[in-house]
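Presented below is the structure to which this report refers.
Quick note: the coordinates plus some simple rules give every number you see, no bench work behind them. None of these values were measured; they are calculated from a predicted model. FYI the Cβ positions are ideal-geometry reconstructions off the backbone, even for glycines, and counts take in every protein chain you see.
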Amino acid sequence: MTIATTPLEGCIVITPRVFNDDRGYFFESYNAQRFNEAVGYEVNFVQDNQSYSSRGVFRGLHLQKGEHAQAKLVRVTKGQVLDVAVDLRSGSPTKGQYYSVLLTEENNKQFFVPRGFAHGFIVLSDTAMFQYKCDNFYNKESEGGLHYADPELNIDWGMPNADILVSDKDKVLPFLKNVGDFGF
């Protein structure tokens, strides 16, 4: 596997080594020892999630606050998405900045988003299957997030805002300038 760092400290992109032959392909999608070496500390994933969505569906920018914060290792097994992490860590030199990566079933890339980040993605293909591991259990009372069209973030989602399908819950998330400290 190859590890690529990003401008946001702690966020990394992992590209597995794929073995192809006339029968298809094989790759190791996760190895705890190699993963922990890559991030520099032990991450204990406790929950796996999967979503299926159609073109234009946006999910995010979500986070879990305080003691329920979550690190995530995300990947796409079908289709393609633009995946985004926004740094919300107090004292971070990149607080308020984001990083995006294209995750596809062809490139098999994975994106590690540590605790202290809001996370979201938009589906760019007709449909997409999105899978992710979390290092902490979901807690409804600790939900938080940012508005997908925050002008301060100015994220290019790869399609006009009018074509983006957003849940009613996510449409009312606050802008970065209107949120305090999320406990990171």
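Laid out as a table, the results:
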| item | result |
| --- | --- |
| Length-normalised contact order of the chain in % [C-alpha pairs under 8 Å, at least 6 apart] | 29 |
| Net lengthening on full extension, residue 161/residue 94 (0.36 nm per residue, minus Cα-Cα) | 21.6 nm |
| Three-way shape label, the chain, alpha-carbon gyration tensor, a/c 1.5 | oblate |
| Hypothetical label at residue 18: residues of region 97-133 whose amide nitrogen lies under 14 Å (7 Å Cα-Cβ projection) | 103-110 |
| Karplus-derived 3J(HN,Hα), 6.51/-1.76/1.60, for each residue of region 108-123, Hz, glycine and proline x | 6, 5, 10, 10, 9, 10, x, 4, x, 10, 7, 9, x, 8, 10, 7 |
| Region 1-79 and region 118-139: distance between their alpha carbon centers, rounded to Å | 10 |
| Surrounding net charge for residue 52, when Lys and Arg each add one and Asp and Glu each subtract one, Cβ distance under 15 Å | +1 |
| log₁₀ of I(q)/I(0) at q = 0.15, 0.21 Å⁻¹ - region 65-128, Debye sum with one point per alpha carbon | -0.49, -0.82 |
